[in-house]
């Protein structure tokens, strides 16, 4: 006999878990199906943990602002220490073009009320002592942005969900969805539901196909690593936007354990979902980081990993009921920002499904609608 | 109290080395040139190198093998692993109290691109298996790079002062491990095909089929056609209350300090585990002048060779079988151990607890293969073979022979004109790794005249030197030419060669010719650090160490090149064939404390992840919530996220799961990721002038 739920979330990752939590909060009977053995085992745990609201677009800004509120209150509200730190983000500029772009963007960000400012090289050297001053023109600094542990956050959501009565089906792969009779088939069983939420990360397009949708979500690979812990020596996330041979931007921060975590974007992109590390990464990222911040030379790398950004062509997620569909909801194409968007999007999803949309929700959803031309580009992804 | 430096050793040469000065927390200290920082600290009696940033517990030596980071100190401002970092003149060494401070560096260093080197074969690990494989490759003209993380080739052979078992023809049986190590490394260095890289740690076999190597502080990328994983094994750890105290570490670390560095890290030692590793460590300790208080083994019989266990017991070390460790006592470092008897279901029998004073507890509870290079290469689609402990845990003699087979196999695989491997080799390989057989009762013949060897060896093990060396070919093996039990049948000339070569020290010679009522019994002696003088009376024991009486020393033969001394005792006629050795350790050493010390700590307080300080209780709680994915346990508790890379806690967590009734197929393994050891960013970046020189 089919198991019956109000909502089934496909994917127990950084987006699926908060969505399940929020849906269960609203009183719905929720289940989560994931093809991994436990929560947050795919890209969720590959994220390095940065959380910023300082984007370029209304939807992302609003959603991330809410995520920051939720993350920063997690310990107070639910008793889970997820390692939240309000350590801020910084985008240093080493050329006029970047400086102008960042400053122009700041105007937009200010118009949305974000706390971000331009600081001088000298001030920046106080925040990141020992950063390469040669050619440094200044940096943005947004102190309200922060970081948390994606591993702890995923498990905090998992435990909260369990308490709220959410059922989890791990090691189970969805093989078919019939929206007419509300049936989900997996390699193990069958479910009857009112709503299906696609939060399948890398597998978003496959799930989309099961309901007749072409979702333009293609994962590409990014490599990350973490160092040994040392005493805190710099404050914010540092994002070096400059491209170099073989890579685009990279970014790093010191987490609440004292470990420096970093990630680089390969150029050209490495498509696919292979999560095995190559020999290219260590020398590539190390040369760039030591050049930017010589002090890092003595810091030991402990471990590295590779994960994917489920990318859309324009760098914006795809969220919402697709046109003409009432019982299927997209929560896909996070483009590497699932961790920081997840909690805010989870609540938005619930408001959509329970028909409790707020005034500005349609404006937010407008940025993420499936039916768009995808030709625009996020200012910085 | 004796000093911390071993100035005299019955087996190992003690070289005079020049002294240098260094500073430990501002205090000037002396060290020997060329030794590791950890060694110098131990030589100065310093065993606590810092305190953990999470709970303030003492940190010090643990693996002495570069695998963990518990021995981290600050050397000239930089956090380094003290067991792998050579001490330099005037070096300023400081303890790590909490998290270290990353030194400042304002100038961008000069950086160069990382060199990539192509080779036919990359051999990871220059121990018995890797060296033997390399020699065969060279023989058939295959070129290879052999990397080893130590400054000297030989792997664990360089720590083995005892004579090896196995077969004389195939694996140097009867020769001491240290000497075999030297022989093999010399042979390797004479080949032109094998390029050896010492001080070179393999970092990872990457998915693009390239292997990162940290070579003498520089990062290199090797691109091999084929990888041989001969990286050996790592030691398992044990869960018990107080297992985080300073002075609790593996037998490998102990042997490194004692036999490689000639430093006495302890005065009073207790050993957990009666496999060969634990038994041999006890023997090494006695040779280094260390008191061995006792050894516990959970099974009713030691898993190691009986001859090893007998050697220890004869010298006066009690072995407590069907016993386990309950707890270790002490504030910061070990001061006592409490053990108890257990049932065949491993339940502690109340009332059998005993406590002993000791300052160090060695954990020798088994090994597990360093298999990650094999797994990563397989995932990358790179051809990989393995031999020695990296493939299957067995004796070094087996590693050598299997390495040899693998070398020929790989040469053939790569198209060299090498002969087909004879079936007999595979059969011999199986014999060399066979477990010891059951113990048989001693049989003493009736003969009471002339001269003859008495073979006390009563357990089938792969070993044959006695039968090989006898000049009159009078020692034979029952059945199998390696595994069979030896027996004497023929003519004995009383030369003593069999007594000298027997790795188990299980042969004596009884000579009735001069005095039939008090024949002379020749026994082997390898603890010359405790001299025996002619004319004195010594406590003579039987093969298992039971006291037979005080016997007069009639003769002490001069030291022989094998370093096994022969001693002749004057023994009453009816005991002559039973005498097998001399007790050297006083019974008082092994006496339990008058009162049992029961720890206030529970099993739940036992540390499972020493790096991140995660207790058994924390993990048990998660298991009881139904969590069986090691990755999820890691995500929640950080167990396995520390510097050792889950090398210690992985098996402890699996053990906890089994105890909680989780079947092995339900347990999801930790995902293995780069890198094998921690490496500074500057080294990956090819930064120059990173060193102080």
Does residue A:295 qualify as being closer than 30 Å to residue A:131 by Cα and in contact with a strand residue (DSSP E or B) (Cβ under 6 Å, 6 or more places away or on another chain)?
no
Among the residues of the stretch B:408-417, is any surrounded by fewer than 19 Cβ atoms within 10 Å (Cβ to Cβ), free of Cβ contacts under 8 Å to residues at least 40 places away in the same chain and on the phi > 0 side of the Ramachandran plot?
yes
Quick one: which residue in B:206, B:270 is within 14 Å of another protein chain (Cβ to nearest Cβ), touching a strand residue (DSSP E or B) at 6+ places or on another chain (Cβ under 9 Å) and crowded, with 22+ Cβ neighbours inside 10 Å?
B:206
(1) closer than 25 Å to residue A:128 by Cβ; (2) touching a residue at least 40 places away in the same chain (Cβ under 8 Å); (3) surrounded by 23 or more Cβ atoms within 10 Å (Cβ to Cβ): which one isn't true of residue A:304, the others all being true?
(3)
Taking the stretch A:157-170 as the region of interest, how many residues are at the interface with chain B (Cβ under 9 Å from one of its Cβ atoms) and touching a residue at least 40 places away in the same chain (Cβ under 8 Å)?
3
Given the conditions (1) farther than 30 Å from residue B:384 by Cβ; (2) touching a helix residue (DSSP H, G or I) at 6+ places or on another chain (Cβ under 6 Å), which single one is not true for residue B:123?
(1)
Return yes or no: is residue A:194 touching a residue at least 60 places away in the same chain (Cβ under 8 Å), over 21 Å from residue A:312 (Cβ atoms) and either surrounded by 21 or more Cβ atoms within 10 Å (Cβ to Cβ) or more than 12 Å from chain B (Cβ to nearest Cβ) (or both)?
yes
Residue that is more than 30 Å from residue A:278 (Cβ to Cβ) and either surrounded by fewer than 23 Cβ atoms within 10 Å (Cβ to Cβ) or in the same structural domain as residue B:579 (by TED's automatic domain parsing) (or both), where the choices are B:309, B:380, B:298
B:298
Being over 30 Å from residue A:184 (Cβ atoms), touching a helix residue (DSSP H, G or I) at 6+ places or on another chain (Cβ under 8 Å) and more than 14 Å from chain B (Cβ to nearest Cβ) is the requirement here; does residue A:86 meet it?
yes
Filter result (in a loop (DSSP other than H, G, I, E, B), surrounded by 21 or more Cβ atoms within 10 Å (Cβ to Cβ) and away from chain A (no Cβ under 11 Å)) within the stretch B:92-134
B:125, B:126, B:127
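Condition first: over 21 Å from residue B:250 (Cα atoms) and at the interface with another protein chain (Cβ under 10 Å from one of its Cβ atoms). Now tell me which residues in the stretch B:642-666 satisfy that. Before you say what the answer is, go through the steps one by one.
Pass one, the stretch B:642-666, residues over 21 Å from residue B:250 (Cα atoms): B:657-666.
B:666, the sole residue that qualifies.
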Considering residues of the stretch B:209-230 that are closer than 17 Å to residue B:684 by Cβ and away from every other protein chain (no Cβ under 12 Å) only, the residue surrounded by the fewest Cβ atoms within 10 Å (Cβ to Cβ):
B:216
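Looking for whichever is more than 12 Å from chain A (Cβ to nearest Cβ) and either modelled with pLDDT under 95 or under 20 Å from residue A:224 (Cα atoms) (or both) here; the options are B:678, B:693. Which one fits?
On inspection, the qualifying residue turns out to be B:693.
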In this structure, is residue A:238 within 23 Å of residue B:687 (Cβ to Cβ), part of a strand (DSSP E or B) and either touching a residue at least 40 places away in the same chain (Cβ under 8 Å) or within 14 Å of another protein chain (Cβ to nearest Cβ) (or both)?
yes
Among the residues of the stretch B:358-372, write down those that are crowded, with 24+ Cβ neighbours inside 10 Å and either within 14 Å of another protein chain (Cβ to nearest Cβ) or within 14 Å of the chain's Cα centre (by Cα) (or both).
B:362, B:363, B:364
Of the conditions (1) within 14 Å of chain A (Cβ to nearest Cβ); (2) more than 26 Å from residue B:247 (Cα to Cα), residue B:50 satisfies every one except a single condition; which number is it?
(2)
Among the residues that make up the stretch A:266-279, is at least one of them touching a helix residue (DSSP H, G or I) at 6+ places or on another chain (Cβ under 8 Å) and either in a helix (DSSP H, G or I) or facing chain B (nearest Cβ under 7 Å) (or both)?
yes
Suppose we keep only residues that are more than 19 Å from residue A:241 (Cα to Cα) and without any contact (Cβ under 8 Å) to a residue 40 or more places away in the chain within the stretch A:280-301. Which one would you say is farthest from the other protein chains (Cβ to nearest Cβ)?
A:280
Regarding the stretch A:12-35, can at least one residue be identified that is within 14 Å of another protein chain (Cβ to nearest Cβ), surrounded by 24 or more Cβ atoms within 10 Å (Cβ to Cβ) and outside any loop (DSSP other than H, G, I, E, B)?
yes
Would it be correct to say that residue B:448 is more than 30 Å from residue B:206 (Cβ to Cβ) and crowded, with 23+ Cβ neighbours inside 10 Å?
no
Extreme residue, nearest to residue A:38 (Cα to Cα), among residues of the stretch A:135-156 that are more than 14 Å from chain B (Cβ to nearest Cβ) and surrounded by fewer than 24 Cβ atoms within 10 Å (Cβ to Cβ)
A:144
What is the residue count in the stretch B:56-88 for residues that are over 26 Å from the mean Cα position of the chain (by Cα), within 14 Å of another protein chain (Cβ to nearest Cβ) and part of a loop (DSSP other than H, G, I, E, B)?
2
Might you check whether a residue that is in contact (Cβ under 8 Å) with a residue 12 or more places away in the chain and surrounded by fewer than 18 Cβ atoms within 10 Å (Cβ to Cβ) occurs anywhere in the stretch B:673-687?
no
In the stretch A:115-134, anything buried (at least 21 other Cβ atoms within 10 Å of the Cβ) and either outside the structural domain of residue A:101 (by TED's automatic domain parsing) or not in a loop (DSSP other than H, G, I, E, B) (or both) is listed as A:124
Elements of type strands (runs of 3 or more DSSP E) contained in the stretch B:521-622, each with 3 or more residues being over 27 Å from the mean Cα position of the chain (by Cα)
B:537-541, B:547-556, B:565-570
Per the filter on the stretch A:311-351, residues touching a helix residue (DSSP H, G or I) at 6+ places or on another chain (Cβ under 8 Å) and surrounded by fewer than 20 Cβ atoms within 10 Å (Cβ to Cβ) are A:321, A:351
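Let's see how each residue does on (1) more than 19 Å from the chain's Cα centre (by Cα); (2) closer than 20 Å to residue B:143 by Cα; (3) assigned to a helix (DSSP H, G or I):
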residue: B:174; (1), (2), (3): no, no, no
residue: B:181; (1), (2), (3): no, no, yes
residue: B:196; (1), (2), (3): yes, yes, no
residue: B:204; (1), (2), (3): yes, no, no
residue: B:209; (1), (2), (3): yes, yes, no
residue: B:214; (1), (2), (3): yes, no, no
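The values are calculated or read from the model by the stated rules, or taken from the named source; none is laboratory data. If you're wondering where the values come from, they're calculated on a predicted model, not measured in any experiment. Every residue, glycine as well, gets a Cβ built from its backbone with ideal geometry; the counts of neighbours run over all protein chains shown.
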